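Enquirer: Pasting a structure below so you can have a look.
The values are calculated or read from the model by the stated rules, or taken from the named source; none is laboratory data. If you're wondering where the values come from, they're calculated on a predicted model, not measured in any experiment. All Cβ positions, glycine included, derive from the backbone under ideal geometry; neighbour counts span all protein chains shown. SASA here: full protein model, heavy atoms, side chains in, ligands and nucleic acids out. Shrake-Rupley method; radii C 1.70, N 1.55, O 1.52, S 1.80 Å.
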Amino acid sequence: MQSPVLVLKDSLTRESGSKVHHANIQASKAVADIIRTTLGPRSMLKMLLDATGGIVVTNDGNAILRELDIAHPAAKSMIELSRTQDEEVGDGTTSVIVLAGEMLHVAEAFIDKKYHPTVICRAYNKALEDALAVLDKISMSIDVNDRSMMLGLVKSCIGTKFTSQFGDLIADLALDATTTVGVDLGQGIKEVDIKKYIKVEKIPGGQLEDSKVLKGVMFNKDVVVPGKMKRKIINPRIILLDCPLEYKKGENQTNAELVREEDWAVLLKMEEEYIQNLCVQILKFKPDLVITEKGLSDLACHYLSKAGVSAIRRLRKTDNNRIAKACGAVIVNRPDELQESDVGTGAGLFEVKKIGDEFFAYIVDCKDPKACTVLLRGASKDLLNEVERNLQDAMSVARNILKHPKLVPGGGATELTVSATLKQKSSSIEGIEKWPYEAAAVAFEAIPRTLAQNCGVNVIRTMTALQGKHANGENAWTGIDGNSGQIADMKELKIWDAYNVKAQTFKTSIEAACMLLRIDDIVSGIKKRQAPGASQPSKPTIETEGDADNEGMIPE
C-alpha cells in the first residue's frame, strides 16, 4: 500500500470544498445578525467598549463593525463592505451588510444541491443588472434648490438614526453645511468636499438645540495678548501667514564670537530690527487680524498690538485653509510677498467668545464662504459623538443628492419593487441559472423584512401583503412605514433614499456575495518565509548608517 503524500506542512490547516462555503456563509450571516437590529427608524443601539475603556454608543453600521475585532476572514471582508459604503456614499452601511448576508444565505441551499458557485454568481450578476435597470425606472429626479424636498430626503436618511428625535435640526445643519461648501465645477458637476471644508466642533454643554452652522469658521484659540488686543472686530481685514514672526534661530548650535562688547548690543538690535521689518511689511496693508500657523515672538506681539492689530498664533494648517476659504484670503509664506489681493475682507465679524471654560475665536458672517464650521452642543460626550456620526451621514446624503439629484423610494419599497420585477423576469430565464436568479430576487426582501421585524409587527402578514401589492405592479412606492410598521405609500410620507446610495448598496452587496461564494479553499497557519537554512528565528537586523543611504531616496 502506498504511503500518503504530504504536500502541505503539518502546521498548515486546509479546508476545502463545501465546508468552506458553509463556514463563509455562516460567518457572514453572523456579521449581518449583529447589526440587523440597527436598521430602520425603530432601531436598537449597540454599546461597545473599546480598548481604552471608552464607550461607543451607536447604531451606525460602519461605526459598530469598525470597533469589532473579528477572527474569521470572511467576516472581515464583510466589514470592509460597510467601510467602502461609508467612504463612497456615506449612508446605507447597515443595509449593505444585511443584503449581502441574505444573498449568501439563499445561496446556501444551492451549494447543498451541488450547484457550482460560478453558476450562482452568474445568476446574481444578471440579477444585479436587472435590479439597477429597475432602479433607473422608478427613480425620480429632484430639484436641488427646493429646500423642503431636500429636507425630507435628508430627514428620511437620518430617520433611522439616534438623532431622529431632533428631526429637522440635524437635517438643517447638514443641508446648510453642504450647500455652503458646494463648488460648481461647470457642466453641472458639483464638488462638495465634506472632509476638508466642514469642521465639526463638538463642545459639551448647552442643549442640542443650540447647535448651528456658522457662516464662517471657528477655532479653539484666543488672541495672543488678551489684555491688549481687540477681541471683537467688525469687517476685519485678515492676513493669513505660514511663517514664524520671530527671529530665525540657527539650525543647530550656532557659535558667534564677539570681540567687542558693543557688538552684542548691535546683534540684539539687528534681531529687533528684523522683526520690526517683518511687522512693518505686514502693517503696510492695515490688517485688523493677523493669523499665523507658526510662532509669534513677544516683540512682534508688541508691534502688532501697538498698531491695534489682533494676532493669533500656532493655528492648525487645516483650520488656516478653512479660514482662507471662508474670508477669501490667501495664505502667504513670506511677509515681504504680501499683496493687497491676499488680504481677506470677506468676513463680517471677528470675535472671541468663551464657551464653557475655553476661548473660541469666531470669524463669521462671511459674504460667500466656501468653508464652514458646524457647532454641536449637547449634554454628554457620547451623545455628541453619536450626533456627529449622524451628521456625517446626513451631510454625505446631502452631498450625494447635490451630485446626482435622483431619488428612489425608501422604506423597503425599492427592494420590493426590484424583487417583484426579478421574480417576473425569472420565468423567462433558460436553464439552470433560473433558480439562483429567483433566489436573489427573494433575497432583496431582506430589507423590508428586517424593517418590519424591528417595528415589532407581524412579519409574515406584512410581507405577504406587500408582496401582493407589488406583484401586480400597481404602485412601486408602497413600503413599510418604519415607525408604525403599517403599509403605506412612501411618496406621501416623504420617505426617500438617494439613488446612488441604493445603487451602491446593491452593487457592493452582490459583488461581495459573489466573491465570498467563489472561495473554495482556506489555508491558514502560514508562517512568514524564512531563508533556507535559517532554523532559529533571525534577529532583527539593525541598519547601520552605511545602508541607510543607499535605499532609494525620495527626490525632494
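Enquirer: Accessible area per residue of the stretch 27-133 at 1.4 Å probe, in Å²?
Expert: Accessible area per residue: 42 Å².
Enquirer: I'd like the FRET efficiency for Lys317 and Tyr247, computed as 1/(1 + (r/R0)^6) with the beta carbon distance as r and R0 of 30 Å, rounded to 0.05.
Expert: 0.85
Enquirer: Now a separate question. How much of the DSSP beta bridge set in the chain is antiparallel, as a percent to the nearest 5? Write down the numbers at each step before the final one.
Expert: Details: 36 of 53 bridges.
Once the DSSP bridges in the chain are tallied, antiparallel ones form about 70 percent.
Enquirer: Can I ask one more? At a Förster distance of 25 Å, what's the computed FRET efficiency of Ile70 paired with Asp382, Cβ-Cβ distance as r, to 0.05?
Expert: After rounding to 0.05, the efficiency reads 0.60.
Enquirer: Applying a 10 Å radius around every beta-carbon, put 199-209, 481-491 in order of their mean neighbour count, most first. Let's see the in-between values first.
Expert: Values: 199-209: 15.5, 481-491: 18.0.
Descending mean neighbour count gives 481-491, 199-209.
Enquirer: Using a probe radius of 1.4 Å on heavy atoms only, what accessible surface per residue do you get for the stretch 317-441? Whole Å² is fine.
Expert: 37 Å²
Enquirer: Out of the total accessible area of the stretch 316-464 (probe 1.4 Å, heavy atoms of protein only), what percent is carbon and sulfur?
Expert: Carbon and sulfur: 49 percent of the exposed surface of the stretch 316-464.
Enquirer: Once the Cα atoms of helix 317-327 and of the chain are each reduced to a long axis, what angle between those two axes, in degrees from 0 to 90 to the nearest 10, is obtained?
Expert: Once rounded, one gets 80 degrees.
Enquirer: How large is Rg over Rh for the stretch 1-137, taking Rg from the Cα atoms and Rh as the Kirkwood inverse mean of 1/r across Cα pairs?
Expert: 1.08
Enquirer: For the stretch 85-148, what D do you get in µm² per second when you plug the Kirkwood radius from alpha-carbon pairs into Stokes-Einstein at 25 °C and 0.890 mPa s?
Expert: This corresponds to a translational diffusion coefficient of 168 µm²/s.
Enquirer: Taking Cα atoms, how many degrees apart are the long axis of helix 117-138 and the longest axis of the chain, rounded to 10 and kept between 0 and 90?
Expert: 70 degrees
Enquirer: Something else about it: Report, in deg cm²/dmol and to the nearest 500, the calculated mean residue ellipticity at 222 nm for the chain, where each DSSP H run with n ≥ 4 adds -39500 (n - 2.57) and the sum is divided by the residue count.
Expert: -14500 deg cm²/dmol
Enquirer: Can I ask one more? For a quick protection proxy, order the peptides 368-378, 319-329 by their average other-Cβ count within 10 Å, most packed first. Intermediate values should be presented prior to the final figure.
Expert: Details: 368-378: 22.1, 319-329: 23.6.
For the peptides 368-378, 319-329, the packing ranking is 319-329, 368-378.
Enquirer: Could you give the spread of the C-alpha atoms of the stretch 311-455 along their three principal axes, from largest to smallest, in whole angstroms?
Expert: Computed over the Cα atoms, the extents are 77, 39, 24 Å.
Enquirer: What's the carbon and sulfur percent of the stretch 1-155's accessible surface, probe 1.4 angstrom, rounded to a whole number?
Expert: In the stretch 1-155, the share of accessible area belonging to carbon and sulfur is 55 percent.
Enquirer: Quick check on packing: order 500-508, 129-137, 5-13, 54-62 by the mean number of other C-beta atoms within 10 Å, highest mean leading.
Expert: Top of the packing list down: 500-508, 54-62, 129-137, 5-13.
Enquirer: Continuing with this model, one more query. How big is the Rg/Rh ratio for the stretch 73-122, C-alpha atoms only, Rh by Kirkwood, two decimals? Could the numbers behind the result be given before it?
Expert: Values: Rg = 13.0 Å, Rh = 12.0 Å.
Result for the stretch 73-122 is an Rg/Rh of 1.08.
Enquirer: Nearest 10 degrees is fine. How inclined is helix 93-112 to the longest principal axis of the chain, computing both from alpha carbons?
Expert: Its long axis makes an angle of about 30 degrees.
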